[in-house]
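Take a look at the structure set out below.
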């Protein structure tokens, strides 16, 4: 290694070269990658030099407040001037403030938080908390789900990203989702819950520590469960003495039109994990907030979780400012109203495209599912399949129209920032409308071009 090189900082060509030579890009084979150089962002827009790109998926569905929200940026700056790091064993103002605010806005008696650097670590902690508290081992989760990239969190999900790192941790048991569009249960919530109870019987309720689900599974397809499903899970957990844990990493902080996905059914979990929108993605932060009974248990039992950066002051300052913005600036109600407009526009668009099998969502958390045939519902590109040629073609077509959309297999995830305007919605939906011509052609001919 030579002397530290700092020349050409800010030069897009130099940034691209340094990225190619020195950055490993996640979830990708590295050869041939040419990531676009982003130079800034404001509101719902990313900047690449003079080019402006509508961020129609809020990054990775985390930039809920949009880019550059002034009060959050200012809070980070002020905290950096005060103190940047305080070890977790000390008390610190931004950490304490955010923990109090979380207790105020989360459901029911959720009261104490262990902070992490993101959602994966939050779910790892949730697993440990459940096992420590119940002295049981098994965790039940859904097949169509994603709970993170670390070994335990990956085992929880049914996403293909876990396959290369298997075997995962022991004790994880999967059950089927109640996907009203595609599952064997259809929209029959009683059948879906009977299936979960049957899995509980087979696995032995006395060995099950927790059921962990996303209130709306996100990157697995925005699978909005039928009414009463979350309440039904709460009932099953109460019946068998099992903890109910919600992964609100993606659904939290206004994304679904309420503070949390759990709020749509008024369900209070025993543990709730969060990340992403807690800081609007500005600084890495996650956590697990627990009920009063679990918090009390750890008054005289060691909580065997932690990390160097638990409750990092810069992250917690960003989190406290973000929660204040959601609460005081009417962001969540605004997101709910804009979500209704978005879903109406996407459903109208679907009428013009035979490849669109389903449009679903809640709040500004929407998805388009593409099929070869609406009657058979055969996926246009198989979920967890070996290639994502269609998703890549759609993503490229949208970027050509200056719109970024997160795409996977036969799914487009439309989740703009909660500050999105009506004009920006119209701009993004128009680009999606035009790009879907590719999907229609692929469904009809098997050709992408």
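The values are calculated or read from the model by the stated rules, or taken from the named source; none is laboratory data. Everything numeric here is computed off the predicted structure, so don't read it as measured data. With ideal geometry, Cβ positions are generated from the backbone for all residues, glycine too; neighbour counts draw on all protein chains shown.
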(Q) Could you check segment 67-98 and list, in sequence order, the residues that are in contact with a helix residue (DSSP H, G or I) (Cβ under 8 Å, 6 or more places away or on another chain) and surrounded by 21 or more Cβ atoms within 10 Å (Cβ to Cβ)? (A) 69, 72, 75, 79, 94, 95, 98
Q) Any idea which of 375, 392 is within 20 Å of residue 181 (Cβ to Cβ) and not assigned by TED's automatic domain parsing to the domain that holds residue 250? A) 375
Q. Restricting segment 42-65 to residues that are surrounded by fewer than 21 Cβ atoms within 10 Å (Cβ to Cβ) and on the phi > 0 side of the Ramachandran plot, which is nearest to the chain's Cα centre (by Cα)?
A. 59
(Q) Looking at segment 88-110 only, could you name the residues that are assigned to a loop (DSSP other than H, G, I, E, B) and free of Cβ contacts under 8 Å to residues at least 12 places away in the same chain? (A) 89, 90, 91
Q) Across segment 396-415, which residue is farthest from residue 222 (Cα to Cα) among those that are touching a helix residue (DSSP H, G or I) at 6+ places or on another chain (Cβ under 6 Å) and in a loop (DSSP other than H, G, I, E, B)? A) 401
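Let's see how each residue does on (1) at negative phi; (2) surrounded by fewer than 23 Cβ atoms within 10 Å (Cβ to Cβ); (3) in contact (Cβ under 8 Å) with a residue 24 or more places away in the chain; (4) touching a helix residue (DSSP H, G or I) at 6+ places or on another chain (Cβ under 6 Å):
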| residue | (1), (2), (3), (4) |
| --- | --- |
| 282 | yes, no, yes, yes |
| 296 | yes, yes, no, no |
| 299 | yes, yes, no, no |
| 311 | no, no, yes, yes |
| 334 | yes, yes, yes, no |
| 344 | yes, yes, no, no |
| 350 | yes, yes, no, no |
| 353 | yes, yes, yes, yes |
Q.
Which numbered condition in (1) over 28 Å from residue 234 (Cβ atoms); (2) out of contact with any strand residue (DSSP E or B) (no Cβ under 7 Å at 6 or more places or on another chain) is the only one that residue 311 fails?
A. (2)
(Q) Being in contact with a helix residue (DSSP H, G or I) (Cβ under 6 Å, 6 or more places away or on another chain), touching a residue at least 24 places away in the same chain (Cβ under 8 Å) and on the phi < 0 side of the Ramachandran plot: is that true of residue 246 here? (A) yes
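Whether any residue in segment 150-172 is in the same structural domain as residue 246 (by TED's automatic domain parsing), in a strand (DSSP E or B) and at pLDDT 95 or above is what I want to check.
So far as segment 150-172 goes, yes, one or more of its residues are in the same structural domain as residue 246 (by TED's automatic domain parsing), in a strand (DSSP E or B) and at pLDDT 95 or above.
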Q | Matching residues, segment 210-243, being farther than 30 Å from residue 416 by Cα and either surrounded by fewer than 24 Cβ atoms within 10 Å (Cβ to Cβ) or without any contact (Cβ under 8 Å) to a residue 40 or more places away in the chain (or both) | A | 232, 234, 235, 236, 237, 238, 239, 240, 241
